[in-house]
Amino acid sequence: MIQCKDVSVTYPGSHTKALQTVNLTFQKGEFVCVLGKSGAGKSTFIRCLNGLQSPTEGDVIYHEQSLKKLSEAELRKIRQHTGMIFQQFNLIPRLSVMHNVLTGLFGSRSSFKNLAGLFTKEEKAAADAAIKSVGLSGFENRRVEQLSGGQKQRVGIARALVQQPTVLLGDEPVASLDPGTANQIFTLLRNMHDDLGLLTIINVHDLQLAKKYADRVIALKDGQVIFNGLPEMFGDREYDLTYGDK
Ligand SMILES: Nc1ncnc2c1ncn2[C@@H]1O[C@H](COP(=O)(O)OP(=O)(O)OP(=O)(O)O)[C@@H](O)[C@H]1O
Ligand SMILES: [Mg+2]
């Protein structure tokens, strides 16, 4: 479903590779967590998967299409069905929960409709259903700036849901949340993943969360894949390799 073929990324002006010859394949139905210490290349990797970052070498094959051969319009189409959730939520604080969730539909609509804020009954019903499924019924008209971190991330997930994603990507979506809330968010993500039959790939700092929720764990170090396997196979040695200085 998504395949990375010899993907390397070198940022302009940098001498080191943020990603080095990454070869990985992801299938529909997999829930994958990507581990790695700060600077290991996790964000760079996740951004390559939906074309937000272009590899300097290699290619990403997404539903049998080579991302580097796609036009910007075709890439937008792919992103439309790829939900993305972020550590800092990337919401519009002064707008309501409903309005933020509706922005998830922007990729599929004309810019005139987006500017005018015109939404159909069906679109509003879809946003309502998404808000309900993340447990925020009753908060539809609340401004996002008046929510807790956990509630904000639920809005982020609802926004991804209205996109009717086939793929869900997360860049440390629980890194700013307390452990209890982080677990609740992961439970929500896992249930959503199972119900919708998604491919879910999430960067996470916390090994315990990865072990509890993922079908597969990938560890990055200095831009290279140093582990790719079952969570139970990720032991002390792998932990030291991933997080140690060597
Ligand atoms: N826009 C950029 N320009 C130049 N170098 C960058 C850029 N973004 C990231 N890097 C570098 O690429 C490497 C990988 O960064 P990346 O952000 O992917 O790591 P990360 O694993 O997501 O780290 P963190 O856990 O801190 O978010 C780092 O050495 C970083 O300094
Ligand atoms: Mg990062």
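If each residue's Cβ is checked for other Cβ atoms within 10 Å, how do Ile131, Ile61 rank with the fewest at the top?
Neighbour counts put them in this order, fewest first: Ile61, Ile131.
Out of Phe186, Met98, Cys48, whose Cα points farthest toward the positive end of the dipole of the chain (charges: +1 Lys, Arg; -1 Asp, Glu; placed on Cβ)?
Towards the positive end, the residue furthest out is Met98.
Per 5 Å bin, what is the whole-percent P(r) computed from every C-alpha pair distance within the stretch 84-164?
3, 17, 30, 27, 16, 6, 0
If all Cα-Cα distances of the stretch 72-228 are sorted into 5 Å bins from 0 onward, what percent lands in each bin, rounded to whole numbers?
That works out to 2, 9, 18, 21, 20, 14, 9, 4, 2, 0, in percent per bin.
Order by neighbour count: Phe106, Phe139, Phe89, fewest other Cβ atoms within 10 Å first, most last.
With the sparsest Cβ surroundings first, the list reads Phe106, Phe139, Phe89.
In this model, which of Lys28/Lys132; Lys5/Lys68; Lys5/Lys221 are farther than 20 Å apart at the alpha-carbon?
Lys28/Lys132
Using the Cα centre of the chain as the reference point, and only Cβ charges (+1 on K/R, -1 on D/E), how large is the resulting charge dipole? Debye, rounded to the nearest 20.
For this selection, approximately 700 debye.
For the stretch 84-164, what relative contact order do you get, as a whole percent, if you take Cα pairs closer than 8 Å and at least 6 residues apart?
So the answer I get is 52 percent.
Can you order the peptides 72-85, 162-175 by their average number of other Cβ atoms within 10 Å per residue, highest first?
Ranked by mean Cβ neighbours within 10 Å, highest first: 162-175, 72-85.
How many angstrom lie between the Cα centre of the stretch 121-145 and the Cα centre of the stretch 47-62?
32
Tell me what the chain gives for mean residue ellipticity at 222 nm when only DSSP H runs of n ≥ 4 count, each as -39,500 (n - 2.57), the sum divided by the residue total, rounded to 500 deg cm²/dmol.
-10500 deg cm²/dmol
Taking the beta-carbon count within 10 Å as an exposure proxy, list Phe31, Phe86, Phe186 from fewest neighbours to most.
Fewest to most other Cβ atoms nearby, the residues stand as Phe86, Phe31, Phe186.
Quick note: the coordinates plus some simple rules give every number you see, no bench work behind them. These figures come from a predicted structure and were not determined experimentally. With ideal geometry, Cβ positions are generated from the backbone for all residues, glycine too; neighbour counts draw on all protein chains shown.
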